[in-house]
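Here, each number is a calculation from the coordinates, and none is a lab measurement. Owing to the predicted nature of the structure, the values given are computational and were not obtained by experimental measurement. Glycine also receives a Cβ, built like all others from the backbone with ideal geometry; neighbour counts cover every protein chain displayed.
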Amino acid sequence: MEIEKIELENGSAIGLCFQMQVAPLLLIRADKGFVMCGYLDMETADGLGDVAVKVKGVNTFDDVLDAAVVGATQAAIHLGIKLGMTGREALELMF
């Protein structure tokens with residue numbers, strides 16, 4: 001498991017990376033929510049009321065920050081997050 005502090009304009013986030021058999025499981029957590037890779041379940045995050053967004057096709061933390069948001073929970077949308085913005089832009093709204 002890899003844990004990395006990720007400095008952004010509005011605060012510091014924590015990146016978690018678990019190397020799986022084929023691709024890494026990646027998550028970056030900010031104060032109010034997180035950006036997750038395709039391994040994690042959007043429906044569960046939405047049902048729990050989490051501020052969460054999903055990106056796909058990522059292998060590194062930089063990929064997560066640069067990738068387009070392809071899914072967002074209702075709580076994330078309420079925070080102003082929109083599909084198509086980058087993971088970095090979504091995270092900046094989560095501080």
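Would you pull out the residues with amide H under 5 Å of ILE6's amide H, same chain only if 5 or more places away, H placed 1.01 Å from N?
Correct list: ALA13, ILE14, GLY15.
Hey, quick one: spin label on GLN74, modelled 7 Å out along Cα-Cβ, who in region 37-58 has an amide N within reach, i.e. under 16 Å?
42-53
Restricting to DSSP H runs of at least four residues, report the calculated mean residue ellipticity at 222 nm for the chain, -39500 (n - 2.57) per run over all residues, nearest 500 deg cm²/dmol.
That comes out to -5500 deg cm²/dmol.
How large is the charge dipole for the chain, taken about the Cα centre, if only the Cβ atoms of Lys, Arg (+1) and Asp, Glu (-1) carry charge, to the nearest 20 debye?
Result for the chain is approximately 140 debye, rounded to the nearest 20.
Name the residue farthest towards the positive end of the dipole of region 9-59 from the options GLY49, VAL22, ASN10, assuming +1 on Cβ of Lys and Arg, -1 on Cβ of Asp and Glu, about the Cα centre.
The residue sitting most towards the positive pole is VAL22.
Dividing the Cα radius of gyration by the Kirkwood radius, what Rg/Rh value follows for region 43-95?
Ratio of gyration radius to Kirkwood radius: 0.95.
Can you order the peptides 77-89, 33-45, 58-70, 1-13 by their average number of other Cβ atoms within 10 Å per residue, highest first?
Ranked by mean Cβ neighbours within 10 Å, highest first: 33-45, 58-70, 77-89, 1-13.
Going 7 Å from the Cα of ASN59 along its beta-carbon direction, which residues of region 20-41 have the amide nitrogen within less than 15 Å of the resulting point?
Residues 20-26 qualify, since their backbone N sits under 15 Å from the label point.
Step through the residues of region 8-15 one at a time and calculate ³J(HN,Hα) from phi using the Karplus curve (6.51 cos²θ - 1.76 cosθ + 1.60, θ = phi - 60°), rounding each to whole Hz and writing x for Gly and Pro.
Calculated HN-Hα couplings, in order: 10, 4, 8, x, 9, 10, 10, x Hz.
Using Cα pairs under 8 angstrom and six or more residues apart, how large is the relative contact order of the chain, in percent?
Relative contact order of the chain: 24 percent.
Given all pairs of different Cα atoms, what value in angstroms does the Kirkwood hydrodynamic radius of the chain take?
Here the Kirkwood hydrodynamic radius works out to 12.8 Å.
Using the Karplus curve 6.51 cos²θ - 1.76 cosθ + 1.60 with θ = phi - 60°, work out ³J(HN,Hα) for each residue of region 53-70 in order, rounded to whole Hz, and write x for Gly and Pro.
10, 10, 10, 10, x, 10, 10, 9, 4, 4, 4, 4, 5, 8, 6, 6, 5, 10
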